[in-house]
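In what follows, a structure is listed as C-alpha coordinates, so that the remarks can point back to it.
The values are calculated or read from the model by the stated rules, or taken from the named source; none is laboratory data. Quick caveat: nothing in here was measured; it's all calculated off a predicted structure. So basically every Cβ, Gly included, is an ideal-geometry build from the backbone, and we count neighbours across all protein chains shown. These accessible areas exclude ligands, DNA and RNA; they are computed on the full protein's heavy atoms, side chains included. Shrake-Rupley method; radii C 1.70, N 1.55, O 1.52, S 1.80 Å.
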Amino acid sequence: MKVDIVFPNNNEKEFVDLAQKLGWDGICFVYDTLKDKNVIDKILKLNKLKIPSQFNVFNGLLINQKTIHKYKKKTNLTIISVNDNARKTVEQIKPNLIFNQENVDKSDFIHQRNSGLNHIICNLANKNNIIVGFSFQSLLNKKLKIRIMGRIRQNVKLCKKYDVNMLIASFTKYPMNMRSPNELKSLFINFGMHSKNVDLALNQCDETIKSHEFKKSDKYITDGVELVK
(Lines give C-alpha, C1' and ligand atoms only; values in the text may rest on other atoms or scores of the structure.)
Protein backbone atom coordinates (compact mmCIF):
# COMPACT_ATOMS: atom_id res chain seq x y z
CA MET A 1 0.00 0.00 0.00
CA LYS A 2 1.46 3.33 -1.09
CA VAL A 3 1.08 5.92 1.70
CA ASP A 4 2.23 9.53 1.47
CA ILE A 5 3.47 11.53 4.48
CA VAL A 6 2.40 15.18 4.96
CA PHE A 7 2.21 17.90 7.63
CA PRO A 8 -1.34 19.32 7.69
CA ASN A 9 -2.52 22.66 9.03
CA ASN A 10 -6.30 22.26 9.30
CA ASN A 11 -6.37 21.14 5.65
CA GLU A 12 -6.57 17.37 6.11
CA LYS A 13 -9.58 16.95 3.82
CA GLU A 14 -7.81 18.79 1.01
CA PHE A 15 -4.83 16.47 1.40
CA VAL A 16 -7.08 13.38 1.32
CA ASP A 17 -8.91 14.51 -1.82
CA LEU A 18 -5.70 15.24 -3.71
CA ALA A 19 -3.87 12.13 -2.50
CA GLN A 20 -6.65 9.97 -3.83
CA LYS A 21 -6.59 11.73 -7.21
CA LEU A 22 -2.80 11.30 -7.43
CA GLY A 23 -3.07 7.56 -6.91
CA TRP A 24 -2.00 7.13 -3.28
CA ASP A 25 -3.66 4.33 -1.30
CA GLY A 26 -3.44 6.26 1.94
CA ILE A 27 -1.95 9.22 3.75
CA CYS A 28 -0.15 9.72 7.05
CA PHE A 29 -0.77 13.06 8.78
CA VAL A 30 2.17 14.10 10.95
CA TYR A 31 1.82 16.51 13.88
CA ASP A 32 4.63 18.23 15.75
CA THR A 33 4.87 17.40 19.47
CA LEU A 34 7.58 20.05 19.87
CA LYS A 35 5.34 22.93 18.82
CA ASP A 36 1.79 21.76 19.47
CA LYS A 37 0.39 20.53 22.79
CA ASN A 38 -2.86 19.41 21.17
CA VAL A 39 -1.47 16.69 18.92
CA ILE A 40 -3.57 13.94 20.51
CA ASP A 41 -6.76 15.96 19.97
CA LYS A 42 -5.81 16.35 16.33
CA ILE A 43 -5.23 12.63 15.97
CA LEU A 44 -8.65 11.92 17.48
CA LYS A 45 -10.29 14.38 15.06
CA LEU A 46 -9.03 12.27 12.15
CA ASN A 47 -11.73 9.76 13.04
CA LYS A 48 -14.34 12.35 12.07
CA LEU A 49 -12.95 12.89 8.58
CA LYS A 50 -15.13 11.64 5.74
CA ILE A 51 -12.71 9.21 4.15
CA PRO A 52 -13.37 7.61 0.74
CA SER A 53 -13.79 3.84 0.83
CA GLN A 54 -10.59 1.83 0.34
CA PHE A 55 -8.48 4.86 1.31
CA ASN A 56 -6.49 4.75 4.55
CA VAL A 57 -5.58 7.53 6.97
CA PHE A 58 -2.80 7.16 9.54
CA ASN A 59 -1.10 9.50 11.99
CA GLY A 60 2.50 10.24 12.86
CA LEU A 61 4.23 12.48 15.36
CA LEU A 62 7.41 14.51 15.14
CA ILE A 63 9.23 13.76 18.38
CA ASN A 64 12.57 14.17 20.12
CA GLN A 65 14.39 12.39 22.94
CA LYS A 66 12.16 14.00 25.58
CA THR A 67 8.82 13.23 23.94
CA ILE A 68 9.30 9.80 22.35
CA HIS A 69 8.39 7.81 25.48
CA LYS A 70 5.30 9.94 26.09
CA TYR A 71 3.91 9.55 22.58
CA LYS A 72 5.38 6.30 21.22
CA LYS A 73 2.28 4.24 21.95
CA LYS A 74 -0.17 6.96 20.92
CA THR A 75 0.71 7.18 17.25
CA ASN A 76 1.19 4.99 14.18
CA LEU A 77 4.63 6.40 13.43
CA THR A 78 7.39 8.24 15.34
CA ILE A 79 9.47 10.60 13.19
CA ILE A 80 12.47 12.84 13.71
CA SER A 81 13.64 15.56 11.34
CA VAL A 82 17.43 15.26 11.50
CA ASN A 83 19.62 17.98 10.08
CA ASP A 84 22.38 17.35 12.59
CA ASN A 85 23.52 14.64 15.01
CA ALA A 86 21.88 11.77 13.15
CA ARG A 87 24.09 9.29 14.98
CA LYS A 88 22.58 10.13 18.38
CA THR A 89 19.11 9.87 16.89
CA VAL A 90 19.52 6.37 15.45
CA GLU A 91 21.65 5.08 18.33
CA GLN A 92 19.75 6.44 21.35
CA ILE A 93 16.32 7.87 20.48
CA LYS A 94 15.38 5.22 17.89
CA PRO A 95 12.29 6.62 16.13
CA ASN A 96 10.62 4.63 13.36
CA LEU A 97 11.79 7.09 10.73
CA ILE A 98 14.31 9.88 10.17
CA PHE A 99 14.28 12.39 7.33
CA ASN A 100 15.72 15.75 6.32
CA GLN A 101 19.31 14.56 6.73
CA GLU A 102 20.27 16.12 3.39
CA ASN A 103 19.49 19.58 4.79
CA VAL A 104 22.38 19.53 7.25
CA ASP A 105 23.61 23.13 7.41
CA LYS A 106 27.24 22.36 6.66
CA SER A 107 29.41 22.65 3.57
CA ASP A 108 30.19 19.56 1.54
CA PHE A 109 33.59 17.93 1.84
CA ILE A 110 36.18 18.16 -0.93
CA HIS A 111 35.72 14.62 -2.25
CA GLN A 112 32.20 13.78 -1.07
CA ARG A 113 28.91 15.28 0.07
CA ASN A 114 28.24 16.16 3.70
CA SER A 115 24.94 14.36 3.32
CA GLY A 116 23.97 13.73 6.94
CA LEU A 117 24.65 9.99 6.69
CA ASN A 118 27.79 7.86 6.80
CA HIS A 119 28.66 4.18 7.18
CA ILE A 120 28.42 4.31 10.99
CA ILE A 121 24.96 5.90 10.99
CA CYS A 122 23.75 3.50 8.29
CA ASN A 123 24.98 0.47 10.22
CA LEU A 124 23.16 1.73 13.33
CA ALA A 125 20.00 2.42 11.33
CA ASN A 126 20.13 -1.11 9.97
CA LYS A 127 20.74 -2.60 13.41
CA ASN A 128 17.90 -0.62 15.04
CA ASN A 129 15.51 -1.04 12.11
CA ILE A 130 15.22 2.71 11.51
CA ILE A 131 14.04 3.94 8.13
CA VAL A 132 15.72 6.73 6.19
CA GLY A 133 13.13 8.94 4.51
CA PHE A 134 13.64 11.02 1.38
CA SER A 135 11.58 14.19 1.08
CA PHE A 136 10.31 15.55 -2.23
CA GLN A 137 9.63 18.88 -0.50
CA SER A 138 13.35 19.39 0.06
CA LEU A 139 13.88 19.43 -3.72
CA LEU A 140 11.62 22.46 -4.09
CA ASN A 141 14.24 24.74 -2.53
CA LYS A 142 15.58 26.36 -5.70
CA LYS A 143 18.71 27.78 -4.06
CA LEU A 144 19.81 24.44 -2.62
CA LYS A 145 18.28 22.04 -5.16
CA ILE A 146 21.53 20.97 -6.82
CA ARG A 147 23.24 20.38 -3.47
CA ILE A 148 20.24 18.45 -2.12
CA MET A 149 20.07 16.29 -5.25
CA GLY A 150 23.74 15.36 -4.89
CA ARG A 151 23.27 14.49 -1.22
CA ILE A 152 20.22 12.35 -1.95
CA ARG A 153 22.17 10.39 -4.56
CA GLN A 154 24.96 9.78 -2.04
CA ASN A 155 22.53 8.73 0.70
CA VAL A 156 20.67 6.36 -1.62
CA LYS A 157 24.00 4.72 -2.41
CA LEU A 158 24.86 4.43 1.31
CA CYS A 159 21.45 2.98 2.21
CA LYS A 160 21.70 0.39 -0.54
CA LYS A 161 25.24 -0.56 0.50
CA TYR A 162 24.35 -1.00 4.20
CA ASP A 163 20.88 -2.46 3.62
CA VAL A 164 18.95 0.40 5.26
CA ASN A 165 15.21 0.57 4.62
CA MET A 166 14.30 3.64 2.57
CA LEU A 167 11.06 5.60 2.30
CA ILE A 168 9.93 8.14 -0.28
CA ALA A 169 7.17 10.66 0.43
CA SER A 170 6.14 14.26 -0.17
CA PHE A 171 6.81 15.48 3.41
CA THR A 172 5.02 18.72 2.58
CA LYS A 173 2.77 21.23 4.36
CA TYR A 174 1.05 22.15 1.11
CA PRO A 175 -1.25 19.88 -0.93
CA MET A 176 -0.11 21.59 -4.13
CA ASN A 177 3.43 20.25 -3.51
CA MET A 178 2.37 16.61 -3.39
CA ARG A 179 3.39 14.34 -6.24
CA SER A 180 2.01 11.03 -7.47
CA PRO A 181 3.75 7.74 -6.69
CA ASN A 182 4.61 7.36 -10.38
CA GLU A 183 6.28 10.78 -10.51
CA LEU A 184 8.31 10.01 -7.40
CA LYS A 185 9.28 6.64 -8.82
CA SER A 186 10.67 8.18 -11.99
CA LEU A 187 12.53 10.81 -9.99
CA PHE A 188 14.20 8.43 -7.56
CA ILE A 189 15.23 5.97 -10.24
CA ASN A 190 17.31 8.89 -11.50
CA PHE A 191 18.81 9.17 -8.01
CA GLY A 192 20.18 5.64 -8.24
CA MET A 193 17.36 3.50 -6.89
CA HIS A 194 16.37 0.41 -8.83
CA SER A 195 12.68 0.06 -9.70
CA LYS A 196 12.31 -2.57 -6.95
CA ASN A 197 13.96 -0.24 -4.39
CA VAL A 198 11.50 2.52 -5.25
CA ASP A 199 8.46 0.25 -4.99
CA LEU A 200 9.61 -0.87 -1.54
CA ALA A 201 10.29 2.75 -0.51
CA LEU A 202 6.81 3.89 -1.60
CA ASN A 203 5.22 1.06 0.41
CA GLN A 204 7.54 1.41 3.40
CA CYS A 205 5.26 3.70 5.41
CA ASP A 206 2.47 1.11 5.41
CA GLU A 207 4.84 -1.73 6.30
CA THR A 208 6.40 0.27 9.15
CA ILE A 209 3.02 1.25 10.59
CA LYS A 210 1.92 -2.40 10.60
CA SER A 211 5.11 -3.40 12.41
CA HIS A 212 4.86 -0.50 14.88
CA GLU A 213 1.22 -1.28 15.67
CA PHE A 214 2.06 -4.94 16.28
CA LYS A 215 4.84 -3.94 18.72
CA LYS A 216 2.27 -1.92 20.70
CA SER A 217 0.02 -4.97 21.04
CA ASP A 218 -0.05 -7.53 23.87
CA LYS A 219 1.15 -10.21 21.47
CA TYR A 220 4.57 -8.61 20.98
CA ILE A 221 7.30 -9.89 23.32
CA THR A 222 10.50 -8.95 21.48
CA ASP A 223 11.70 -8.99 17.89
CA GLY A 224 10.98 -12.42 16.47
CA VAL A 225 8.95 -13.50 19.51
CA GLU A 226 5.19 -13.14 19.94
CA LEU A 227 2.60 -14.43 22.37
CA VAL A 228 0.35 -17.09 20.86
CA LYS A 229 -2.98 -17.63 22.60
Result for the stretch 1-103: accessible area per residue, probe 1.4 angstrom, in square angstrom, of 52
The relative contact order of the stretch 50-176, taking Cα pairs under 8 Å that sit 6 or more residues apart, comes to a percentage of 20
Calculated from DSSP helices alone, with each H run of at least 4 adding -39500 (n - 2.57) and the total divided by the residues of the chain, [θ]222 nm to the nearest 500 comes to -10500 deg cm²/dmol
For the pair Phe214 and Asn126, the simple spin-label estimate (label points 7 Å beyond Cα toward Cβ) gives in nm 2.2
Expected unfolding gain across Asn85-Asn64 under the 0.36 nm per residue rule, minus the alpha-carbon gap, is 6.4 nm
Checked against a 20 Å limit on the C-alpha separation, the offending pairs among Lys2/Lys72; Lys72/Lys94; Lys13/Lys48 are Lys2/Lys72
A 1.4 Å probe over the protein heavy atoms gives the chain a carbon and sulfur accessible-area percentage of 48
Site His194, offset 7 angstrom along Cα→Cβ, radius 16 Å on amide nitrogen, limited to the stretch 153-187, gives 156-166
